[in-house]
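The block underneath contains the structure these notes are about, expressed in structure tokens.
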Amino acid sequence: MSPMPRDERPFAFDDDDLEPVGACNLCGGRRFTAVSRSDRYALEVTTVLCEGCGLVFLDPRPSAAAYRRFYRDAYRPLVERYTGRRSDPAGLEADQRTYARKLDRRLIRPRLHGGERTLLDVGASTGVVAEHFARRYGLRATCVEPAPAEAAAARRRGLEVAECQVEDFDPGPRRFDVVLLCQTVDHLLDVGGVLARIHDWLADDGLFFVDAVDFRAVLRSLHRLSAALHADHPYYLTRETMDLYLRRAGFEVVALNVSTVFHLDYVCRKAAPQPIAADPGFARALYDEIRWVQATHQLGTKPSGPPPGALRRLRRRLAGLLRRSDRP
Ligand SMILES: [Zn+2]
């Protein structure tokens with residue numbers, strides 16, 4: 001896989017498509033460092049790092065209308081050209097079935113109390129995942145899905161579908177026992193706002209699952225910044241920024257699964273929203289890592305050693321584990 005040559009780009013965002021972000025969605029800070037001017041598809045988008053908290057995001061960011069045009073006209077062909085693989089709806093659904101089975105077995109089933117009746121799947125795609133849980137646990141499932149073809153596929157499975165952006169979804173006074181936000185959080189325009197709304201929609205003893213692409217893991221693995229960036233993600237999340245988002249929205253993490261495909265999988269219970277203190281030290285460390293990747297990539301080298309600070313963090317973690325294992 002390699003970035004697409006500039007003159008072969010099948011899509012471009014116009015200046016009118018792009019909106020300045022203004023304040024950081026996580027910490028409210030306004031000091032950002034631009035770290036990249038294009039993504040892996042050679043689309044001219046600017047990615048910045050918030051100096052206050054280390055959140056990485058697009059700024060300016062495509063508007064909701066621009067994203068609709070992007071998904072309608074360009075997204076699938078771009079992905080197909082980049083990966084060299086045809087996108088196949090049957091293959092996609094098979095992948096979603098495997099995803100649902102693993103999610104259920106590893107993270108959800110052990111934590112259900114048996115009294116659950118309702119499920120909300122935000123960004124439900126074709127409804128495969130919602131259908132899995134609805135059937136297995138007898139749940140009444142509601143899907144939120146803005147893409148017309150995918151919403152229609154979910155409806156054909158007999159699921160209730162709200163065909164809209166999550167920002168426009170209004171369930172009234174209903175509360176849900178299980179809420180899923182699968183492979184969607186990085187695509188949202190307002191991560192903090194959506195998490196706060198999900199907190200409202202979740203029953204007091206409900207279960208919330210969310211997974212995010214771990215930008216730091218992708219960056220280290222691909223060892224090329226532009227390869228880790230793609231304009232369909234307005235946000236690039238890390239363990240540190242996800243933890244802050246979840247705590248601020250009022251979620252207690254009861255399980256974290258770090259998967260080999262660079263996902264951070266969180267299972268959460270409802271708690272009180274907490275004030276958060278952003279860590280400029282993390283922002284600085286992430287900046288150093290990004291520069292390290294850029295510099296070593298430029299030189300055509302992929303160092304075998306760990307990135308800056310990694311050894312120090314590893315020593316600290318080992319010391320913590322040893323302390324914990326000393327406890328009776
Ligand atoms: Zn910030």
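Can Ser38 be described as touching a residue at least 40 places away in the same chain (Cβ under 8 Å), farther than 19 Å from Tyr266 by Cβ and touching a strand residue (DSSP E or B) at 6+ places or on another chain (Cβ under 7 Å)? Walk me through it before giving the result.
Numbers: touching a residue at least 40 places away in the same chain (Cβ under 8 Å): yes; farther than 19 Å from Tyr266 by Cβ: yes; touching a strand residue (DSSP E or B) at 6+ places or on another chain (Cβ under 7 Å): no.
No.
Please specify each residue of the stretch 230-273 satisfying the condition of being assigned to a loop (DSSP other than H, G, I, E, B), among the small types (Gly, Ala, Ser) and surrounded by 19 or more Cβ atoms within 10 Å (Cβ to Cβ).
Ala231, Gly250 - these are the residues of the stretch 230-273 that are assigned to a loop (DSSP other than H, G, I, E, B), among the small types (Gly, Ala, Ser) and surrounded by 19 or more Cβ atoms within 10 Å (Cβ to Cβ).
Taking only the stretch 78-112 into account, find how many residues are surrounded by fewer than 13 Cβ atoms within 10 Å (Cβ to Cβ) and touching an Asp or Glu at 6+ places or on another chain (Cβ under 7 Å).
Residues meeting the conditions: 2.
Just need a number here: residues in the stretch 125-150 that are assigned to a helix (DSSP H, G or I) and without any contact (Cβ under 8 Å) to a residue 24 or more places away in the chain.
Result for the stretch 125-150: 3.
Pull up the stretch 26-41, narrow it to residues that are part of a loop (DSSP other than H, G, I, E, B) and touching a helix residue (DSSP H, G or I) at 6+ places or on another chain (Cβ under 8 Å), then point me to the one that is farthest from the ligand (Cβ to nearest atom).
Tyr41
What about Ala141, is it among the small types (Gly, Ala, Ser) and modelled with pLDDT of 95 or more?
The answer is yes for Ala141.
For the stretch 190-228, give me each residue that is touching a strand residue (DSSP E or B) at 6+ places or on another chain (Cβ under 7 Å), modelled with pLDDT of 95 or more and not in a helix (DSSP H, G or I).
If we filter the stretch 190-228 for residues that are touching a strand residue (DSSP E or B) at 6+ places or on another chain (Cβ under 7 Å), which is where we start, we get 191, 198-199, 201-204, 206-215, 225-226.
Filter once more, keeping what is modelled with pLDDT of 95 or more: 191, 198-199, 201-204, 206-215.
Those that are touching a strand residue (DSSP E or B) at 6+ places or on another chain (Cβ under 7 Å), modelled with pLDDT of 95 or more and not in a helix (DSSP H, G or I): Leu202, Ala203, Asp204, Gly206, Leu207, Phe208, Phe209, Val210, Asp211, Ala212, Val213, Asp214.
State which residue pairs qualify: first residue free of Cβ contacts under 8 Å to residues at least 40 places away in the same chain and inside the stretch 102-114, second residue crowded, with 16+ Cβ neighbours inside 10 Å and part of a helix (DSSP H, G or I) in any location, beta carbons under 7 Å apart, and separation of 6 or more residues or different chains.
Asp104/His132; Asp104/Phe133
The rows are residues; the columns are (1) outside the structural domain of Phe215 (by TED's automatic domain parsing); (2) within 16 Å of the ligand (Cβ to nearest atom); (3) within 27 Å of Ala217 (Cβ to Cβ).
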| position | (1), (2), (3) |
| --- | --- |
| Ala12 | yes, no, no |
| Glu19 | yes, no, no |
| Leu43 | yes, no, yes |
| Thr47 | yes, yes, yes |
| Gly54 | yes, yes, yes |
| Arg81 | yes, no, yes |
| Tyr99 | no, no, yes |
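The values are calculated or read from the model by the stated rules, or taken from the named source; none is laboratory data. Please read all numbers here as calculations on a predicted model, not as lab measurements. Using ideal geometry, Cβ is built from the backbone for each residue, glycine included, and neighbour counts are taken over all protein chains shown.
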